[in-house]
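Take a look at the structure set out below.
The values are calculated or read from the model by the stated rules, or taken from the named source; none is laboratory data. Keep in mind it's a predicted model, so treat the numbers as computed, not measured. All Cβ positions, even for glycine, are placed from backbone atoms using ideal geometry, and neighbour counts span all protein chains on display.
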Amino acid sequence: MDMGLALQARDVRMEYVDQATGDRLLAIDRVDIDIAEGQFVSIVGPSGCGKSTFLKIVNGLFPATAGTIEIRQSPKGVAHAMVFQDSSLFPWYDIVDNVAYGLVCQGVPRKEAQRRAQPLIDLVSLTGFEGKFPYQLSGGMQQRANLARALTVDPEILLMDEPFAALDAQTRELMQAELLRIWNEANKTVLFITHQIDEAIYLSDRVLVMSARPGRILADITIDLRRPRKLEIKRTPEFIAYADQIWGLISTQLKPHIHDKAAHPGGEAVA
Amino acid sequence: MTVASPDLTRTRSQHPDGSRRIRVPGIPERLKYGLLGFLVVLPLWEAVVRLGLVKRVTLSSPSLILEAAWEDLIINGTLWPHIFQSSQQFFLGLGLALITGVPLGLALGLFRRLNYFLDPWLSAIYATPTIALVPLIILILGLGLESKVFIVWLEAIFVIVVTTMVGVRAAEARYLDLAKSFRASRWLTFRSVILPSSFPYILTALRLGVTRALVGVVVAEFFAANKGLGFFINFSGTTLRTDRVMLGVILLGLLGVVLGEGVRRIERRYEKWRPEFR
Amino acid sequence: MSVAVASQPLRPRPRNRLARALMNERLLYGLAGVVLFLLVWEVGSRVGVIDRAFFGRPTGIVEAGMKEVQTPRFWGDLAASFFEFASGFILAIILGIPIGLAAGRFRRLQYALDPWLNFFNSLPRIALLPVLVIMFGVFGPASKIAVVFLGAFFSIVIPTMQGVRTTDARFVDVARSFRASEWLMFRSVVIPSTVPFIITGLRLGVARALIGVVTAELYTQTEGIGVLIRRATELRQGDRALFGVLLFTISGIIGVESIRRVEARFQKWRPATSLDRR
């Protein structure tokens, strides 16, 4: 693997068998991704394009059908840790035990894990909520804890699977700004999956646009917006130009889907 | 102006990348291991008895039970009157429990004050193993059909009342609000919201009632009968004919499985609303 | 023209006061129900409309109870019943929870056990009493403990198994992504999410175990509160028999309440829902 890279994916391909029909389906195909150390990279793409599948492969939840993924190994900490969608905190653990969970999984004794989790709880501004159970926290706070849990194991690369998808619009904006602050302090490489174009642009150094199934990387767009970024940046012409560019790419992928989306209830209407 | 970026993926876990990869259990495998269980247990049972490790009279054996079934069900048919008698008590008792229990459960769910009024008694009886009343019931109603039907009724009714009541209470507030906002009458609200949403609970009540009613049949016939499967089991036990005891027990078990499965079939059509307790 | 809207505030009073009023209403009606029923029973019995030999009377039950607790035989019966209940129930827990967990965890084991569990669960297990008496003898606690065990075991094992199988895949993914060991995954994910199911099983199990105690004692007539009931009935002492029934009611209430305590201790991570307070 090249020096200075945190992650290198080559020719990743994922096939699976549809349980209902028995057909073989190609979920993602020929995915090549390089992520430099410390970079914040997002993948956006239409529904069902395989971006979450890719993330799960990187996370080792299941193996790819073909291809290689290399992640830089550091002497301390682990290669990767995942921030899951909505409430993946264990409802039966309080916040400090949830945040310490990754360390406990590595065999660290519980007391020590709790002690080592504390700085991360402070970092995500949850000080004082250590003894609360997840149901006692708002959705935004739960996702802060989720983020802290992933950071506790000191991963080389942080994988985030639509972490703010379940939050309301206002909380989501605040959490995006918070994430940038934390990213800045924790100094991590991030691979971020989202379906929100503005979220991807706002957060990232690079936005990768994925095609409809089978998922391929359509474009690799470097976001040249100065950091630190304030939320107001979303109203600048440069930002809007990026959004138009990405939306243009994605809408070409959506067209064949519009009709069958509208046909079944629960599918969103895409204007 | 903020760019409103459209939500591209809102449907969760409908697509391959979001969906769980739970292996659907193959029916052959389920069948294979299910049969394996039988193929291990039955010969082992037979062998243990044949080899004299356990006395015939304590455990009987599959072949002896089959033999008994052949004789009593086919050759001389002596079991049929017992089965008929038990079925009669079962259906009469359960039927009465439904006729009385469902309306009472609906009423208790609908009328708060009636509920408060009866709650202490219901809770007390619900916590009581009502079989403790069997000797008194037999003393009061005698050894005829009445006492047995009453025992079956008593065993089955409370679980029906309570489950139906919970069903009425579980009618979702938003549907009730909807009915209210359209100024639906009490009767219309009952018919259009409460009854349909408590229906799955009534089915569950029926399934639970079936189990309880079977217990009632057995107990009633243990203590107050000269006919019926319970009597057959008890009588065979006191005369140390274990094969007959086992046969009676197996018939009861099959009856339970068949009836339970029947109700469950209907229930499955209302899977969505099925209450979580059993 | 103006449209008059009748204003009807949803919560006319402050919340805590409203709650208090509701509590009072509940208490009021409940108390009324208890008092009225007891009064009718007592007066009816004294006037002679209700036969005391059959139905007893409230004051008579209290009297009978006071007299009963002074006899050493009563305490022997109570101890015997308690011992049967406790041994059978604890045995059911000790075996039921691990077997349920294992059957939930290992699919093939579940397939092998499924037919048996389904059969025994649909069967009124007390029908096995005659066989158990043959196996373990009429006298002594063994046959009764066996009935209690069989009553409670299946009620515990089945929900436990279902609990393991319905573990949320999300949480399993979390544990796997942090590379939790198999044992840690079981401890941190599977067990906590199964606890509510186990509690349900225990609640059902208590009721089944009590039914087992009563039936076994009525059947074998050796010792225990069930025998007290039967003896009293034969002597036409309705008061005394109902005192025995009342003891079972109290045991049932204590059992359910203890499990509620256990539940509250294990489930403090869950927001209280209205169904919990049922």
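Taking the condition of being β-branched (Val, Ile, Thr), part of a helix (DSSP H, G or I) and farther than 12 Å from C:PHE178 by Cα, how many residues in the range A:96-127 meet it?
The first filter runs over the range A:96-127 and keeps only residues β-branched (Val, Ile, Thr), leaving A:96, A:99, A:104, A:108, A:121, A:124, A:127.
Then keep just the ones that are part of a helix (DSSP H, G or I); that gives A:96, A:99, A:104, A:121.
Pick out the ones that are also farther than 12 Å from C:PHE178 by Cα and you get A:96, A:121.
Qualifying residue count, the range A:96-127: 2.
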Completion exercise
Checked pairs for the range C:177-188, first farther than 20 Å from A:ALA79 by Cα, second hydroxyl-bearing (Ser, Thr, Tyr) and assigned to a helix (DSSP H, G or I), C-beta under 8 Å and 6 or more apart or across chains, list as C:SER188/A:TYR101
Exercise for the section: Tell me which of these C:ARG236 doesn't satisfy, since it passes every other one: (1) on the phi < 0 side of the Ramachandran plot; (2) not in a helix (DSSP H, G or I). Expected result: (1)
Problem - Check on C:ILE199, of a type in the set (A, V, I, L, M) and at the interface with another protein chain (Cβ under 9 Å from one of its Cβ atoms) - result: no
Fill in the blank from the handout: Taking first residues from the range B:96-124 that are surrounded by 20 or more Cβ atoms within 10 Å (Cβ to Cβ) and second residues anywhere that are modelled with pLDDT under 90 and of a type in the set (Ser, Thr, Tyr), the pairs with Cβ under 8 Å that are 6 or more apart or on different chains are B:LEU106/B:SER198; B:GLY109/B:SER198; B:TYR116/C:TYR29; B:PHE117/C:TYR29
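What is the residue count in the range A:96-112 for residues that are more than 12 Å from chain C (Cβ to nearest Cβ) and either surrounded by 15 or more Cβ atoms within 10 Å (Cβ to Cβ) or under 23 Å from the mean Cα position of the chain (by Cα) (or both)?
1
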Practice task
Scan the range C:44-96 for residues that are charged (D, E, K, R), more than 14 Å from every other protein chain (Cβ to nearest Cβ) and in contact with a Phe, Trp or Tyr (Cβ under 8 Å, 6 or more places away or on another chain) and jot them down.
Solution key: C:GLU68
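Here is a yes/no grid of residues against (1) over 28 Å from C:THR167 (Cα atoms); (2) out of contact with any Asp or Glu (no Cβ under 6 Å at 6 or more places or on another chain); (3) at pLDDT 90 or above; (4) surrounded by fewer than 18 Cβ atoms within 10 Å (Cβ to Cβ):
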| position | (1), (2), (3), (4) |
| --- | --- |
| C:GLY201 | no, yes, yes, no |
| C:LEU210 | yes, yes, yes, no |
| C:LEU218 | yes, yes, yes, no |
| C:ILE225 | yes, no, yes, no |
| C:ARG231 | yes, yes, yes, yes |
| C:ILE253 | yes, yes, yes, yes |
Practice task
Consider C:ILE259 carefully, then state whether it is more than 7 Å from every other protein chain (Cβ to nearest Cβ) and within 24 Å of the chain's Cα centre (by Cα).
Solution key: yes
Handout entry: Tally, over the range C:119-160, of residues that are part of a helix (DSSP H, G or I), more than 12 Å from chain B (Cβ to nearest Cβ) and over 17 Å from the mean Cα position of the chain (by Cα)
Key = 3
Exercise for the section: Please verify whether the range B:164-183 includes one or more residues that are within 13 Å of chain C (Cβ to nearest Cβ), among the polar types (S, T, N, Q) and in contact (Cβ under 8 Å) with a residue 40 or more places away in the chain. Expected result: no
Problem - Entirely in the range B:189-274, the helices (runs of 4 or more DSSP H) that have 2 or more residues that are more than 13 Å from the chain's Cα centre (by Cα), more than 9 Å from chain C (Cβ to nearest Cβ) and farther than 30 Å from C:PHE136 by Cα - result: B:195-223, B:242-268
Fill in the blank from the handout: A:ARG229 vs (1) in contact with a helix residue (DSSP H, G or I) (Cβ under 6 Å, 6 or more places away or on another chain); (2) surrounded by fewer than 21 Cβ atoms within 10 Å (Cβ to Cβ); (3) of a type in the set (Lys, Arg): all pass except (1)
Handout entry: From C:PHE248, C:PHE266, C:PHE171, residue being facing another protein chain (nearest Cβ under 8 Å) and farther than 30 Å from B:ALA225 by Cβ
Key = C:PHE171
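Modelled with pLDDT of 85 or more and of a type in the set (Asp, Glu), is that true of A:ASP18? Walk me through it before giving the result.
Numbers: modelled with pLDDT of 85 or more: no; of a type in the set (Asp, Glu): yes.
Criteria not met by A:ASP18.
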Problem - Hits in the range C:51-95 - residues which are crowded, with 18+ Cβ neighbours inside 10 Å and in a loop (DSSP other than H, G, I, E, B) - result: C:GLY56, C:ARG57
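For the subset of the range B:85-139 comprising residues that are small (Gly, Ala, Ser) and facing chain C (nearest Cβ under 7 Å), which member is nearest to C:ARG52 (Cα to Cα)? Talk me through it step by step, then tell me what you get.
Of the range B:85-139, the ones small (Gly, Ala, Ser) are B:86-87, B:93, B:95, B:97, B:101, B:105, B:107, B:109, B:123-124, B:127, B:132.
Pick out the ones that are also facing chain C (nearest Cβ under 7 Å) and you get B:124, B:127, B:132.
Working: B:ALA124: 21, B:ALA127: 24, B:ALA132: 18 Å.
Among them, the one singled out is B:ALA132.
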Fill in the blank from the handout: Those residues of the range A:165-206 that are part of a loop (DSSP other than H, G, I, E, B) and either in contact with a Phe, Trp or Tyr (Cβ under 9 Å, 6 or more places away or on another chain) or within 12 Å of chain B (Cβ to nearest Cβ) (or both) come to a total of 7
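Yes/no per residue for (1) modelled with pLDDT under 50; (2) part of a loop (DSSP other than H, G, I, E, B); (3) within 12 Å of chain C (Cβ to nearest Cβ); (4) over 30 Å from the mean Cα position of the chain (by Cα):
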| site | (1), (2), (3), (4) |
| --- | --- |
| B:GLY18 | yes, yes, yes, yes |
| B:VAL24 | yes, yes, yes, no |
| B:LEU31 | no, no, yes, no |
| B:LEU35 | no, no, yes, no |
| B:LEU39 | no, no, yes, no |
| B:ILE65 | no, no, yes, no |
| B:TRP70 | no, no, no, no |
